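The values are calculated or read from the model by the stated rules, or taken from the named source; none is laboratory data. Please read these numbers as outputs of a predicted model, since none were measured by experiment. Backbone-built Cβ (ideal geometry, glycine too); neighbour counts: all protein chains shown.
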Amino acid sequence: MNSKKCLLLSLVSLLTVACATNPLTGRKSLNFVSNSQLLPSSFQQYQEVLSSNKIITGTPQAKQVEEVGNRIRKAAETYYKSIGKSSALDGYQWQFVLIDDSKTANAWCMPGGKVAVYTGILSICKDDAGLAVVLGHEIAHALAGHGAEKISQSYISELGGQVLGGVTNNQALRQVINQYYPVASGITLLRYGRKQETDADEMGLYIMAMAGYDPRQAPIFWQRMIESTGGSNTPEFLSTHPNPENRIADLNRIMPKALQFYQSYHTNKL
């Protein structure tokens, strides 16, 4: 067997074993980056962002971010435990902070559960349910491994189709990870593609419902988000996202399943 054929077979084998599946949406993705490889850089970049921004603590809004975030975190952890996948959250160090920036309507979750919400999005959220839509969506990105997926795709691309040491070339991997986590602006640390955004919409809808927040508030929130632009530039939170009308239609399409999670939450609370 010639070297090119061996290389091709090795690459096919690598991509086969590196396939991950979102347990809530069924979407398959490329992921051969482990938490132990990714999270240290993620946590470091998170701390750099916090050090370069004003963090609000002790206020009703800051407490709201922590309370809603931890409620969704608990629901996600409970679900992962119920399906025997708690190990997928190994190394997570959850943290929810509010950044003082009224001009930025944005929020994000780093791999490993490091979450930031900007004050500019709270007026669009309006209440706990609206905030749960945002946090559910962003936490879903982390849970679904979208950061690791983007890095895996970039790693394969930069190798030009070559298999470098069975994905154990830590120096090359570190360079790719650092490339995807710049901290120059401290606003968008990783841009996701539309398929990943749709995946996060669906997963986020389910986990907010698992946490006891009415998923029917999600389409209403996204409509408010659209209206908030007022014909101006698209908010950071909507960049690379699906067409707004299609997003709302997709959420309504999967609403029956989300309502089952929501009803189960309240049934178990009785």
**OP:** Tell me which residues, restricted to segment 211-235, are charged (D, E, K, R) and either modelled with pLDDT under 90 or in a helix (DSSP H, G or I) (or both).
**Re:** Arg224, Glu227
Original post:
Under the condition of being among the β-branched types (Val, Ile, Thr) and modelled with pLDDT of 95 or more, which residue from segment 74-106 is farthest from Ala144 (Cα to Cα)?
Top reply: Ile99
Original post:
Which of the residues belonging to segment 79-90 are out of contact with any Phe, Trp or Tyr (no Cβ under 9 Å at 6 or more places or on another chain) and surrounded by 13 or more Cβ atoms within 10 Å (Cβ to Cβ)?
Top reply: Tyr80
Original post:
What are the residues in segment 1-22 that are at pLDDT 90 or above and surrounded by fewer than 18 Cβ atoms within 10 Å (Cβ to Cβ), if any?
Top reply: Thr21
**OP:** For segment 33-73, name all the residues that are more than 29 Å from Gln153 (Cα to Cα) and not in a helix (DSSP H, G or I).
**Re:** Ser52, Asn53, Lys54, Ile55, Ile56, Thr57, Gly58, Thr59
Original post:
Can you find a residue in segment 119-137 that is within 21 Å of Ser41 (Cβ to Cβ) and out of contact with any Lys or Arg (no Cβ under 6 Å at 6 or more places or on another chain)?
Top reply: no
Subject >> Residue that is surrounded by the fewest Cβ atoms within 10 Å (Cβ to Cβ), among those in segment 91-117 that are assigned to a strand (DSSP E or B) and without any contact (Cβ under 8 Å) to a residue 40 or more places away in the chain >> reply: Phe96
